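Worksheet: one structure, shown below.
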Amino acid sequence: MLSESQKLIEKKRIKSLPELERPRTVRLKFIKVGSLQYISHLDLQRTFNRVIVRACLPIWYTKGFNPHAKLVFSTPLSIGAQSTCEFLDIRIDREMSCETIMERLNAELTEELKIVDAYIPERDFADIKWASYDISITSGGISENTPEQIMQRIKEPIFMLKKTKAGEKEIDITGLIHSFSCKLVEGDIKISCTLSASSTEYLNPELLISGLARECDLLCGSPLEEHYDIIRTSLYDAEFNLFK
Amino acid sequence: MNKNNTNISSILKSVSKPGRYSGGEYGQIIKDKSKVAARFAFCFPDTYEIGMSNLGVRILYGVLNKEDDVWCERVYNPWIDMQEKMKEHGLPLRACESGDPLTEFDMIGFTLQYEMSYTNVLNMLDLAGIPLRSADRDDSMPIIIGGGPCAYNAEPVADFFDLFNIGEGEEMLPELCRLYIKMKKEGRYTKREYLHEAARSIEGIYVPSLYEVTYNEDGTVKAYTPIYDDIPRQVKKRIMKDMDESYFPEDAVMPYIETVHDRIMLEVYRGCIRGCRFCQAGMIYRPVREKTPEVLNRQAKCLYESTGYDEISLTSLSISDYTELERLTDLLLEWTNENMINLSLPSLRVDSFTKELMDKIATVRSSSLTFAPEAGTQRLRDVINKNVREDDLMRAVGVAFAAGKNTVKLYFMSGLPTERYEDLKGIADLASMVIDKYYDTPERNRSKKPQVTISVSCFIPKPFTPFQWEAQDTMEMLADKQEYLGSCITDKKIRYTHHDARVSRIEAVLARGDRRLAPALELACKEGFKFDAWDECFDYDKWISVFERCGIDPAFYANRAFGLDEVLPWDIIDCGVTKEFLLRERNKAYEGNTTPNCREKCSGCGANKLGGERTCCPKARS
Ligand code: SF4
């Protein structure tokens, strides 16, 4: 971490870095795990706004009455889910290498919210169509037969209320699942699945497991929220190429 | 997240605002607990969002952690849903950083910012599994410390604390830790010995159990008698004499979730030159001690670099009274504008609200304006020594209206000593005049209608004010006055809100209470009282029932005029300002005479004996 006085010098130095002709977009891949799963998307945005100031980056600011940094995030994650594959695009207006950017940001972040890659992007966030998740469910209602039971149940339609722009709607969520597997590990249910993640047909993994919990009676009545863990592990485009 | 939180983690998904409890903030201080000699849990008896916003906590967290062998952590009171979940899963209250239960700490400090948080203090001790009463805690239990403005009369909670810090804690808290560590190392630590030695050797430490209280037949206090002759008969407040030299945290724990004051808070000076007669803060923080603009500018820059906040708030009791405000804002604006940082100036006085200031400070321009005339007529404003004149207010709102604003908020107090119904009518009249002023301002925004909000609180007699002896109006009187004022307001452009008189009454009881209130607070805790500063949790009838069952008459504390020669429960504390001065001020109030502010003329309040650099006190001795 730079000391405060080093930062002041650094701020001045940034002004002498060569200016870019046009603002350049740099994509940051980051993880959001542990405590950070409880931080909402809005709070995350506010946090990054402060982090980029602390990190002394040559950030490009919008012109006009209320100048601000342009931060564009990929598919938001809901509270209670962790991720090892979040993306954020920032824009800079002076020359600085992606490695330096990453290094500086990480000096202002923690182990639970950390940049793991920084590069010039080739793809649009709009290309994201699928997301993979690892889910585990811990509950007294689980037996050896449970994985089999879940695998059977998932073949039939599961209707759930889903919030859409037009309001709440009953839909068959199995139509939004690309792949699904499930096994028992040390008494817990472990699910690996790939779900629709496009902006129009986003399937929240929590909705899927609450559907399964209801259909297969996994919880014996205790609240679902206290029994699951979700980690988003990767994003894909329509052809199942890993999104970068 | 550390492993102690594994259980916490499983319940976090089922509570509201889990970000309050998840921790892991950037800037939190983590030490190796096996390598520190004293562990300190700094408790804020309210929610995370409120506690994280407190500047005092930020300072003391830094001060304590500066000591290599001390580890200070933060603790907030979990909201009700979280408390229920913790109970259900058998989880005790834990500190944010380590996730360790409070019983593992050496010292636990509570900051007492408002009386209505007392029930939260007990609630937190209870959640931690720590016996409430000091007398029931043995040597293996943490030392429980209280501080903050309510410590000036913490008698109602005195039985629950081991000691109080009277005054500013920057030096006192580390000294308390040093003494603790020393006695532990020398193998001579017992709680009893420790408390005695702290009271004897550290200035500003009040150990309630070392003073015996006797009462007169009429229920008033007879005497406070120290049980040792080597401890002070009266505990003198500690202050930081030189604010420029005083410890200042150059970084901050950065909350992920939004807090109440999510910005840089720059403390410009301590104390207040004004001397409003109802105001406790104006008396207990005397004498005024300013920081120099250069020091403030450097500290602000430092904090900006370490936090990345985009707003700096200049805090103090009345920012326009800072002698170098011009120079300070000029220094700050040199770099804040280009970095897109807003400057905000809360606590502006009407007589200092000018067009120049408005042009200079963006947030003054953009936010809604708030002024505090406190009383509706000049007569009553003279009584309370609020030296604000009607024409000052009219001029100030005129400037605001000319700049395009159309809303103003005005703060008042009802139930003030000598108040008559015409004073209440005066509040309504003042609001109407502000509306008229809008239409008289040619440059006003003609597409908008004016809107004046008047917010009226209830007068609460507070210790160490010239009004400390006054009786609070009964609830019936307060309700009647609130209704009358409402009937005086007919204009739809005036919005009228008032505080709940029932809360103010309980606050008055706790503010002027003595040690005999302890059983009531204990019972309140047993019955699950918590978050009484929150409307949704406060239940007046339950409070009255608790008092009744403990044989306490709330009117004795709230609605009784205390005798001028009576021994007051807080006489055990010397806050610098003398009783003679308070009495003089009280008499002047009844004569309707004002007192000049400290900068115009010293009125000999006594606070200069505490010393202080860059103060206007004559002969401030250190
Ligand atoms: S000693 Fe005089 S100048 Fe100082 S605070 Fe008291 S009244 Fe004000």
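The values are calculated or read from the model by the stated rules, or taken from the named source; none is laboratory data. In this text the structure is predicted, and so the values were computed from the model without any measurement. All Cβ positions, even for glycine, are placed from backbone atoms using ideal geometry, and neighbour counts span all protein chains on display. All accessible areas refer to the heavy atoms of the entire protein, side chains included, with ligands and DNA or RNA removed. Shrake-Rupley method; radii C 1.70, N 1.55, O 1.52, S 1.80 Å.
Numbers at a glance
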quantity: Compactness index (Cα Rg / 2.2 N^0.38 Å), region A:127-236; calculated: 1.04
quantity: Under 18 Å from the Cα of B:Lys542 - aspartates and glutamates, other chains or at least 8 residues apart; calculated: B:Glu115, B:Asp500, B:Glu507, B:Glu522, B:Glu527, B:Asp532, B:Asp553
quantity: Rg over Rh, two decimals, region B:206-288 (C-alpha only, Kirkwood Rh); calculated: 1.13
quantity: Close Lys-Lys pairs in region A:4-122, where close means Cα under 17 Å and separation is 8 or more or interchain; calculated: 4
quantity: Accessible surface, the protein assembly as shown, averaged per residue in Å² (probe 1.4 Å); calculated: 41
quantity: Kirkwood-type radius of chain A, with distances r between different C-alpha atoms, in Å; calculated: 20.0
quantity: Angle in degrees between helix A:98-107 and the longest Cα principal axis of chain A, rounded to the nearest 10; calculated: 70
quantity: Per-selection metrics, region B:8-236 (Cα): Rg and Dmax in Å; calculated: 17.8, 57
quantity: Alpha-carbon Rg/Rh ratio, for region B:41-124, with Rh computed the Kirkwood way; calculated: 0.96
quantity: Potential lengthening between B:Arg446 and B:Glu294 on full extension [0.36 nm per residue; Cα-Cα distance subtracted]; calculated: 50.4 nm
quantity: Over chain B: helical MRE at 222 nm, DSSP H runs n ≥ 4 each giving -39500 (n - 2.57), nearest 500; calculated: -10000 deg cm²/dmol
quantity: Helix-derived mean residue ellipticity, 222 nm - over chain A, DSSP H n ≥ 4, -39500 (n - 2.57), to 500; calculated: -7000 deg cm²/dmol
quantity: Accessible surface buried upon A-B contact (total; probe 1.4 Å; Å², nearest 100); calculated: 2800
quantity: Descending semi-axes in Å of chain B, equivalent ellipsoid built from Cα gyration tensor; calculated: 38, 30, 26
quantity: In degrees, nearest ten, helix A:4-14 long axis to first principal axis of chain A (Cα); calculated: 70
quantity: At least 10 Å² of accessible area lost relative to the chain alone, listed for region B:297-313 with a 1.4 Å probe; calculated: B:Lys301, B:Cys302, B:Tyr304, B:Glu305, B:Ser306, B:Thr307, B:Gly308, B:Tyr309
quantity: Isotropically averaged projected area of region B:224-335, using the convex hull of Cα atoms (one quarter of hull area), nm²; calculated: 10.3
quantity: Region B:368-448: mean projected area of Cα convex hull, nm²; calculated: 5.0
quantity: Ellipsoid semi-axes in whole angstrom, largest first, where each is sqrt(5λ) of the Cα gyration tensor of region A:4-122; calculated: 24, 16, 14
quantity: Relative compactness, the protein assembly as shown, computed as alpha-carbon Rg over 2.2 N^0.38 Å; calculated: 1.04
quantity: Tally of Lys pairs whose C-alpha atoms are under 25 Å apart, taken over region A:127-236, 8 or more apart or cross-chain; calculated: 11
quantity: Shielded residues, region A:203-232 - accessible-area loss of 40 Å² or more between chain alone and all protein chains, probe 1.4 Å; calculated: A:Glu225, A:Glu226
quantity: Residues of type lysines that B:Lys449 reaches as a straight line, Cα spacing below 20 Å, ignoring anything fewer than 8 places off in the same chain; calculated: B:Lys405, B:Lys409, B:Lys437, B:Lys492, B:Lys493
quantity: Selection from B:Cys575, B:Asn120, B:Phe110 lying farthest towards where the dipole of chain B points positive, charges on Cβ; calculated: B:Cys575
quantity: Charge dipole (the protein assembly as shown, unit charges on Cβ, about Cα centre) - positive-most of B:Phe529, B:Ile435, B:Gln472; calculated: B:Ile435
quantity: Rule-of-thumb Rg ratio for region B:96-189 [Cα; 2.2 N^0.38 Å; N residues]; calculated: 1.08
quantity: Local electrostatic count, A:Asn145, Cβ distance below 14 Å [Lys/Arg +1, Asp/Glu -1]; calculated: -1
quantity: Chain B: angle of helix B:501-511 to the longest principal axis, Cα-based, in degrees nearest 10; calculated: 50
quantity: Given charges at beta-carbon only (K, R positive; D, E negative), |dipole| of region A:4-122 in Debye; calculated: 460
quantity: Chain B - share of DSSP beta bridges that are antiparallel (%, nearest 5); calculated: 20
quantity: Whole-Å distance, taken between Cα centres, linking region B:547-611 and region B:102-153; calculated: 27
quantity: Rounded to 5, the percent of DSSP beta bridges in the protein assembly as shown classed as antiparallel; calculated: 55
quantity: Of all accessible heavy-atom area on region B:8-236, the percent that carbon and sulfur account for (1.4 Å); calculated: 49
quantity: Within region B:171-254, trypsin sites (Lys or Arg not before Pro) in DSSP loop having at most 14 other beta-carbon neighbours inside 10 Å; calculated: B:Arg188, B:Arg233
quantity: Estimated FRET transfer efficiency (B:Asp553, B:Glu250; beta-carbon r; R0 41 Å; 0.05); calculated: 0.20
quantity: Where only alpha carbons of region B:477-570 are counted, the Rg and the Dmax (Å); calculated: 16.3, 49
quantity: Listed peptides B:155-166, B:331-342 by packing density, highest first (mean Cβ within 10 Å); calculated: B:155-166, B:331-342
quantity: Size of electric dipole in chain A: Cβ of Lys, Arg +1 and of Asp, Glu -1, about Cα centre, debye, nearest 20; calculated: 1340
